[in-house]
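The values are calculated or read from the model by the stated rules, or taken from the named source; none is laboratory data. All figures in this text were calculated on a predicted structure; none of them were measured in a lab. Methodologically, a virtual Cβ is constructed for each residue, glycine included, from the backbone with ideal geometry; neighbour enumeration extends over all protein chains shown.
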Amino acid sequence: MSLADPALLALGLVVAAALALAAIAVARRRAAALAAAGVAPGGSGRSRRRGRLGGMWFTIAGVAILAIAVGGPAASVPVSHAAGTVILAMDVSGSMSATDVAPSRLAAAKQAALSFIDAQPDSVDIGVVAFQQGGLEVALPTADHTIASAAVRRLAAGGGTSLGDAIIASLAAITRKTVTIAPGGGAPDIGYWPSATIVLFSDGQDELAAAGGGTAGGTGADPRAAVAAAVAEKAGVHIDTVGVGTIAGTTVDVDGYHLYTALDVSTLTAISQATGGAYHPASDASELNGIASSIDLRLTVTRQPLPLAGAFIALALALLAAGAVLTVVRTGRVV
């Protein structure tokens with residue numbers, strides 16, 4: 001237990017001690033006077049004297065408890081609450097314009113992301129990373145969730161996506177430092193961020209990797225994604241992946257070409273499992289609407305002061321009231 005003002009407590013206890021000493025002195029003088037007058041210790045006045053003494057001691061106890069209350073006592077108690085940092089990494093590649101999830105993959109993902117933002121308490125800082133060919137849009141994590149919501153609403157499909165670069169950009173937003181992967185592919189040490197989570201909305205198709213030799217429908221494995229996931233795992237950052245699309249897939253027009261695109265579950269699952277996160281399928285709008293409740297953010301336990309002055313005041317008032325009642329009942333007097 002801690003005290004906001006120990007000096008007031010000391011002063012109050014001195015007053016209570018002085019009252020106690022005065023009560024003892026008065027009781028001794030009264031007993032000596034009765035003995036000098038030849039009055040026996042018992043008698044009809046004994047009950048009244050006991051009532052007066054009892055009421056006085058209840059009053060002194062109440063004053064002592066009030067002294068503790070004015071000292072501002074508080075207990076430090078552990079409180080669990082959702083706190084930390086969440087980065088919404090949004091895939092805005094051309095394949096996200098596919099309509100196998102109505103009205104489109106990106107539109108459905110944006111709506112799910114907005115619902116997720118609305119469901120989070122103010123203690124969670126939220127940022128947005130949108131990676132597309134030729135540029136990167138980042139809204140740094142903040143407790144002002146309207147900034148994250150505005151960033152999500154601005155997103156539009158176009159270009160290609162590198163899942164590895166999207167993860168690295170998300171880690172940079174969490175640490176607010178530049179995160180780079182060495183040419184040899186080693187995972188850099190970016191510190192430990194156990195209360196941070198990346199939620200990656202994507203169909204799993206790494207189109208930039210495909211352009212460097214992947215399969216013809218826009219799929220391909222980006223070796224940087226595995227290294228980026230390793231960096232996140234080393235930093236204690238979980239990546240929850242949300243698979244937006246269907247395994248059956250569909251065709252989409254990208255730069256005048258009709259390309260087949262389907263959900264790559266294995267890539268997204270591998271990323272989430274490598275970091276201790278989870279994969280969430282979202283093949284239709286109803287599944288996407290439930291994302292906010294299916295993603296479990298880790299709780300951090302903090303110690304917060306619990307004021308105790310009110311409890312001590314209530315106890316003090318009860319003691320003072322008991323002292324007053326006892327005095328009146330036994331002696332017929334208030335004091």
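Odds and ends about this structure:
- Selection of region 69-118 for residues being under 17 Å from the mean Cα position of the chain (by Cα) and among the β-branched types (Val, Ile, Thr) yields Val77, Val79, Thr85, Val86, Ile87, Ile117.
- Considering residues of region 248-290 that are part of a helix (DSSP H, G or I) and in contact with an Asp or Glu (Cβ under 8 Å, 6 or more places away or on another chain) only, the residue surrounded by the most Cβ atoms within 10 Å (Cβ to Cβ): Thr267
- If you go through region 78-101 and keep only what is modelled with pLDDT of 90 or more and either part of a strand (DSSP E or B) or surrounded by fewer than 16 Cβ atoms within 10 Å (Cβ to Cβ) (or both), you end up with Thr85, Val86, Ile87, Leu88, Ala89, Met90, Asp91, Thr99.
- Filter result for Ile117 (buried (at least 19 other Cβ atoms within 10 Å of the Cβ), over 20 Å from Asp165 (Cα atoms), modelled with pLDDT of 85 or more and in contact with a helix residue (DSSP H, G or I) (Cβ under 7 Å, 6 or more places away or on another chain)): yes
- Residue count, region 195-229 (criterion: touching a helix residue (DSSP H, G or I) at 6+ places or on another chain (Cβ under 7 Å) and at pLDDT below 85): 9
- Test result for Ala61, in a helix (DSSP H, G or I), under 35 Å from the mean Cα position of the chain (by Cα), of a type in the set (A, V, I, L, M, F, W, C) and modelled with pLDDT of 80 or more: no
- Test: Ala232 is modelled with pLDDT of 75 or more, buried (at least 18 other Cβ atoms within 10 Å of the Cβ) and in a helix (DSSP H, G or I): yes
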